[in-house]
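Enquirer: One structure is given below, represented as structure tokens, and several questions about it will come after.
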Amino acid sequence: MRSDVGESTGEYLYDSLDDLAPGAPASGAFVPAAAMLEGTVVGIEPGIAFGSDDGTGTAPVVGYDDPDAAVRYACLVVRVDRTLSGRLGLGVQNGQIRLQVEQPGHISLDLLRTSIGSAGHGLFYVHNALERSQAEGRAVPQALAGYLASVHIPIGEGVFVEQAPGEPVIAPLMDNPERVNQILNGGPPPVEEEPEPETPRPPKPSDFPHEEGPGQTPTPVPDPTDDPDASVVDVPDPVTTDTPEPTENEPEVDTPTLGQLLNRAVSAA
């Protein structure tokens, strides 16, 4: 599941977990979360759907099951076990909040429900969607105000859950291991690699002009690539060794347990 991928709301303009904590200095480009809570995901519900990916401020609202919906948002029902920092405002009902996350286009709500066992107890940095819009000075269409008041959004992809007590946390909204390492361990920000320039092919004999004498018919220059036997080259079999060649793997992330993450988050708050 993803978090507000299509919107330019400044959600990603922060450098560490400390920047997400309620009360952290606002940079002008990023507003910290309103509340940091310890909670448990107890269900998944349909949220809202839009007919385009232009952002919730301008995209038309369509039915959740409308086949023409371009973007759908589901809601994780999160039981609030403890509010660790900040304050929960609108949208709290019976000790629960509904956390809006973007639903991948190829995943149905039923499939999300079957995966509820992989999500559970965790740490959540959240803000009520309506209050967030107001804090960032963004206009809210009247037709959306009621819905936005009823849901929370994860701030800075700040959702960290444990699959089992005592196991390292996972960051289900982050799909970049380098970004996870930066947020949890203060590592350097991920660097986008520039594509390598294409290597031009070597010239062929047919690329060059061929002069003939008077009255002679130009003789075509043979092209080695046209020779059916040209590709037949006696190449020895590769030599295998016991040492495999190095491969580029995803960077390992030293993720903490939920207890360690909670201690760090609370001490920084």
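Enquirer: For residues in the stretch 127-166 being among the acidic types (D, E) and out of contact with any strand residue (DSSP E or B) (no Cβ under 7 Å at 6 or more places or on another chain), which is least open to solvent (accessible area, probe 1.4 Å)? Please lay out each step first, then the result.
Expert: From the stretch 127-166, those among the acidic types (D, E) are 131, 136, 157, 162; that's our starting set.
Okay, now just the ones that are also out of contact with any strand residue (DSSP E or B) (no Cβ under 7 Å at 6 or more places or on another chain), so 131, 136, 157.
On the way: E131: 46, E136: 49, E157: 23 Å².
Ranking the qualifying residues of the stretch 127-166, first place goes to E157.
Enquirer: Then there is this: Can you tell me which condition L88 does not meet? The list is (1) closer than 28 Å to L184 by Cα; (2) open to solvent by 50 Å² or more (accessible area, probe 1.4 Å); (3) in a loop (DSSP other than H, G, I, E, B), and all the others hold.
Expert: With respect to (1) closer than 28 Å to L184 by Cα; (2) open to solvent by 50 Å² or more (accessible area, probe 1.4 Å); (3) in a loop (DSSP other than H, G, I, E, B), L88 is out only on (2).
Enquirer: Looking only at the stretch 35-80, count how many residues are under 16 Å from E102 (Cβ atoms), open to solvent by 30 Å² or more (accessible area, probe 1.4 Å) and assigned to a strand (DSSP E or B).
Expert: Residues meeting the conditions: 5.
Enquirer: Let me ask something else. Go through (1) in contact with a strand residue (DSSP E or B) (Cβ under 8 Å, 6 or more places away or on another chain); (2) over 27 Å from D19 (Cβ atoms); (3) among the β-branched types (V, I, T) one by one and return the number of the condition T114 breaks.
Expert: Of (1) in contact with a strand residue (DSSP E or B) (Cβ under 8 Å, 6 or more places away or on another chain); (2) over 27 Å from D19 (Cβ atoms); (3) among the β-branched types (V, I, T), only one is false for T114: (1).
Enquirer: Can you tell me how many residues in the stretch 167-177 are assigned to a helix (DSSP H, G or I) and open to solvent by less than 20 Å² (accessible area, probe 1.4 Å)? Quick ask: steps written out before the conclusion?
Expert: The first filter runs over the stretch 167-177 and keeps only residues assigned to a helix (DSSP H, G or I), leaving 177.
Then keep just the ones that are open to solvent by less than 20 Å² (accessible area, probe 1.4 Å); that gives none.
Residues in the stretch 167-177 being assigned to a helix (DSSP H, G or I) and open to solvent by less than 20 Å² (accessible area, probe 1.4 Å): 0 in total.
Enquirer: Which residue pairs have Cβ atoms under 7 Å apart, sit 6 or more places apart or on different chains, and have a first residue in the stretch 122-143 that is within 11 Å of V31 (Cα to Cα) and a second that is open to solvent by less than 50 Å² (accessible area, probe 1.4 Å) and assigned to a helix (DSSP H, G or I)?
Expert: That search, which allows pairs on different chains as well, returns S133/L148.
Enquirer: Let me ask another. Go through (1) assigned to a strand (DSSP E or B); (2) under 30 Å from D54 (Cα atoms) for T83 and report which single condition fails.
Expert: Condition (2) is where T83 drops out.
The values are calculated or read from the model by the stated rules, or taken from the named source; none is laboratory data. Here the structure is a predicted model, which means the values were calculated and not measured. Note that we place each Cβ from the backbone using ideal geometry, even for glycine, and neighbour counts take in every protein chain shown. We work out accessible area using only protein heavy atoms, side chains counted, and drop any ligands, DNA or RNA first. Shrake-Rupley method; radii C 1.70, N 1.55, O 1.52, S 1.80 Å.
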